[in-house]
Amino acid sequence: MPLYNSIDRKVLKENLMAEPFVRKTISFYRYFILDTPQEFRDQIYREWAELNCFGRIYIAREGINAQMSVPEENLEHFLLSLKNHPIFEKIPIKYAIEDNGKSFYKLSVKVKDKLVADGLNDDAFDVTNVGRHLDALEFHELVESGEHIVVDVRNHYESEIGHFKGALCPEADTFREELVVITDLLKEKKEAKLLLYCTGGIRCEKASAYLKHHGFKDVNQLHGGIIEYAGKIKQLELKSNFIGKNFVFDERMGERVDGRVISHCHQCGKSCDDHLNCANDLCHLLFIQCGECAEKFEHCCSVECRDLKNSSEEEKQRFRHTMVPKFGNRSVYRKSFRLAKNTTFADSNSESGQ
């Protein structure tokens, strides 16, 4: 069997929507030394393709990071198959909070240099000297007390739609930038108790080791991340200290945790927390857009992109030679609301005669 997908994306998405069975979305990670990551990659690709699994899985010499959807009818078989590999022994499996079964449309297993693209020199500090792991209830109670520093180690576009109450949420575009900003902001608080959290826990492993290396004395991290927390709090029927929506890296782009909407459409400012990528193929900027603006701007981030999307191929080719390299650049995201207010919002007002 081929060890990669060769079917067109459009066809794959159509096939996914036509599936008559239910899928379960899961995630897991583990740091584990793999001597032959490419061989391991090929082996699990074969096994998981046979079970009709989809997902985005990264393999590195340091372990595995996986977000997947598994047909419900094959889930038990899948979990049993994990026992054939030492890396998966007693590995915690996290289940999606909101799950329509349409999180992934193909199976992608890639070998990477690192599980998380952090840009850090791991030789400069001990990556195994991590902070204390807190279970969901411990973390909940410590946040509830309001006595400690809660730190979001995710990117700005993630924390914008949801975060723990009172959390420090730096406006950072990358994990590496996030760590530098946090270290600087808290440089006078090295004796304080820090409560770190991220989506599933994997970024906290590296972040806690980094902060301990830089002299922080009491570093703690939410084991299993927001996904584990949301599930446990729901089970215990407690009021969530996580406000809003949890950003996830799949087709859903988010899971609602407490039902509140804390962010706004980047084009009109209306209450909204729906992320999408600009429909202009020369842009694909990630931004927040409400339903009305989606209709008005045809799922594009600006009038410019809407017009370019509808232009001729000749005009698109001409634009490629003159385009400003902001398009497709994630670092533009946190400026997109300001950009919207200065350009698109103004354009929409002028179009409506205001």
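Just one of the listed residues (ILE233, ILE227, ILE243) is in contact (Cβ under 8 Å) with a residue 12 or more places away in the chain, over 23 Å from GLU177 (Cβ atoms) and out of contact with any strand residue (DSSP E or B) (no Cβ under 7 Å at 6 or more places or on another chain), and it is ILE233. Across the range 305-321, the qualifying residues are those that are open to solvent by 30 Å² or more (accessible area, probe 1.4 Å) and touching a residue at least 12 places away in the same chain (Cβ under 8 Å), and the one among them that is farthest from ASP173 (Cα to Cα) is ASN310.
When the test is whether a residue is under 18 Å from ASP250 (Cα atoms) and of a type outside the set (S, T, N, Q), LYS13 passes it. Can you tell me how many residues within the range 251-287 are open to solvent by 50 Å² or more (accessible area, probe 1.4 Å) and either within 30 Å of LEU137 (Cβ to Cβ) or under 16 Å from the mean Cα position of the chain (by Cα) (or both)? Count: 8. The condition (being surrounded by fewer than 17 Cβ atoms within 10 Å (Cβ to Cβ) and either modelled with pLDDT of 90 or more or part of a loop (DSSP other than H, G, I, E, B) (or both)) is satisfied by just one residue among VAL324, VAL248: VAL324.
For the range 120-176, the strands (runs of 3 or more DSSP E) that sit wholly inside it and include 2 or more residues that are surrounded by 22 or more Cβ atoms within 10 Å (Cβ to Cβ) are 149-152, 162-164.
Within the range 277-298, residues that are among the β-branched types (Val, Ile, Thr) sit with their Cβ atoms under 6 Å from residues that are open to solvent by 10 Å² or more (accessible area, probe 1.4 Å) and in a strand (DSSP E or B), at 6+ positions apart or across chains, in these pairs: ILE288/HIS275. Taking the range 192-218 as the range and being hydrophobic (A, V, I, L, M, F, W, C), out of contact with any His (no Cβ under 8 Å at 6 or more places or on another chain), surrounded by 24 or more Cβ atoms within 10 Å (Cβ to Cβ) and not in a loop (DSSP other than H, G, I, E, B) as the test, the residues that pass are LEU196, CYS204, ALA207, LEU211.
The values are calculated or read from the model by the stated rules, or taken from the named source; none is laboratory data. These figures come from a predicted structure and were not determined experimentally. Please note: Cβ atoms are built from the backbone with ideal geometry, for glycine as well, and neighbour counts cover all protein chains shown. Ligands, DNA and RNA are stripped out before the accessible areas are found, and what is left, the full protein with its side chains, is counted by its heavy atoms. Shrake-Rupley method; radii C 1.70, N 1.55, O 1.52, S 1.80 Å.
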